[in-house]
1. Under 16 Å Cα-Cα from Lys399, which lysines qualify once same-chain neighbours fewer than 8 residues away are excluded?
2. Calculated from the structure, Kirkwood radius over Cα pairs in Å equals which of (i) 22.1; (ii) 23.4; (iii) 26.6?
3. Grab the DSSP H runs of the chain that are 4 residues or longer, score each as -39,500 (n - 2.57), total them, divide by all residues and round the 222 nm result to the nearest 500 deg cm²/dmol.
4. Can you say what percent of the DSSP beta bridges in the chain, counting only those with both residues inside, are antiparallel? Round to 5.
5. Sort the following peptides by mean Cβ neighbour count (other Cβ atoms within 10 Å, averaged over residues), highest first: 127-136, 28-37, 102-111, 358-367.
6. Pairs Lys58/Lys402; Lys253/Lys324; Lys89/Lys159; Lys324/Lys350; Lys253/Lys297: which exceed 32 Å Cα-Cα?
7. At a 1.4 Å probe radius, carbon and sulfur cover how many percent of the accessible area of the range 318-466?
8. The range 248-297 to the range 47-88: how many Å between their Cα centroids?
Amino acid sequence: MTEQGTAAIGNSGAGNSAASRDKAYFLHPYTNLHAHETQGPLIIERGEGVRVFDDSGKEYIEGLASLWCVSLGWGEERLVEAATRQMRKLPTYHVFGHKSHEPGIDLAERLIKLAPVPMSKVFFANSGSEANDTAVKLVWYYNNALGRPEKKKILSRVKAYHGVTVATASLTGLVNNHRDFDLPIARIHHADCPHHYRFAEPGESEEAFATRLAESLEALILAEGPETIAAMFAEPVMGAGGVIVPPATYFAKIQPILKKYDILLVADEVICGFGRTGNFWGSQTMGMQPDILTCAKQLSSGYLPISAVMVSDAVYRACVEESKAIGTFGHGYTYSAHPVAAAVAVETLKIYEERDMVGHVRAVTPLFQRRLKALADHPLVGEARGIGLIGALELVADKETKTPFDPVGRAGAVVNGLSQENGLIIRAMGDSVAVCPPLVIGEEDINLMFDRLTTALDAAIPVLRG
């Protein structure tokens, strides 16, 4: 063993437990690394339905579907069998240089037929970040193909989340994704956040707020020069930024502006796709007409890494012409359309159809939203917001003035920790806490989930105000 390895184990704490080995060797994403050296991990050992169990046997309702993705819950044997069959037949192959395979073809065909607006082709990647990064490159490639090398700036929004690659973290409109990573890169601009609770003027209706945001967007486009703006990325519902549901008429007002200046709309469906908002696509729920659509997460119920980028025929034809001129379309990943991941995704889509998962979401949404919105009356909650089977609570020190707790982020961390102690896994995003359970959740578990969350909120009162 190397001297460095011996030192790492020596610094990790006593014993050879999984927790001590984790601290010795594992660099965790989205984690306070300093705190982790002391706190260590929660080690999840197995899952069943909407529940996961840690290595001590403790049970948790997974109220965030393991980062917004495990739509069918844990233990879906059809997905295990689909992976096993494909592993035995063709466990891996690439799709470079005119090569292909049936699972990738089947998945592309299904997605095109399911698209919320007419789409032409599907490109596959491995994560939402890669899908959105690919969309950025396609937007630039498209405009070069059209002889518009200056039309390259991309619009996102404050509090948007589009990934963590260099390009997509730049699109992401969250400060901690930029700080000390030397981001954002050039040519990325952030429009206003469509959060009525936080950013509306006193007495301003949702529609008036949407009108003001549309006017502000057009002003930004004109200030930068329409001939320089290539695309706008938008989540139907802003997920990791705090589950921000746009105000009424928002997309109806901004889309004509984008069309007026020939600006592509990229719908980031990484969280919203596949039934989460009560329609198969969040774009349908919000009336979006995207030119490019990205999706991931629930595409395979999170069982294997896979993502997709769907492009309109106009975008595809431009790519064809440019690849003809260059001699190749010089983009792709070794694991694009990985046959096992693609086979699992195909089976996932079959299950959605056979079990009418969108119908199930619509059936249980009224209870979910009723329990969520009822928490707006809790002393710690400023706003309860959501749609379909996704929601968030914004925690405030003063409900009247909407003043946050000091320091910002502490209240979310406290409620998150108390929820976990109480057998519920949620996610704190600053002082908003999100709930986004597996789509298969039933009414009994919805009630239990919110009972546990309410208990955690009650327990947080003396901690935050004591």
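1. Lys373
2. The listed entry that was calculated here is (ii).
3. My calculation for the chain gives -13000 deg cm²/dmol from helical runs alone.
4. 65
5. Result, highest mean first: 127-136, 102-111, 358-367, 28-37.
6. Working: Lys58/Lys402 36 Å; Lys253/Lys324 38 Å; Lys89/Lys159 44 Å; Lys324/Lys350 36 Å; Lys253/Lys297 29 Å.
From the list (Lys58/Lys402; Lys253/Lys324; Lys89/Lys159; Lys324/Lys350; Lys253/Lys297), the Cα-Cα distance tops 32 Å for Lys58/Lys402; Lys253/Lys324; Lys89/Lys159; Lys324/Lys350.
7. Answer for the range 318-466: carbon and sulfur cover 51 percent of the accessible area.
8. First find each Cα centre; the distance between them is then 29 Å.
The values are calculated or read from the model by the stated rules, or taken from the named source; none is laboratory data. On a predicted model such as this, the values are computed, not experimentally measured, just so you know. Note: ideal-geometry Cβ built from the backbone for every residue, glycine included; neighbour counts use all protein chains shown. Keep in mind that these areas ignore ligands, DNA and RNA; they rest on the heavy atoms of the full protein, side chains included. Shrake-Rupley method; radii C 1.70, N 1.55, O 1.52, S 1.80 Å.
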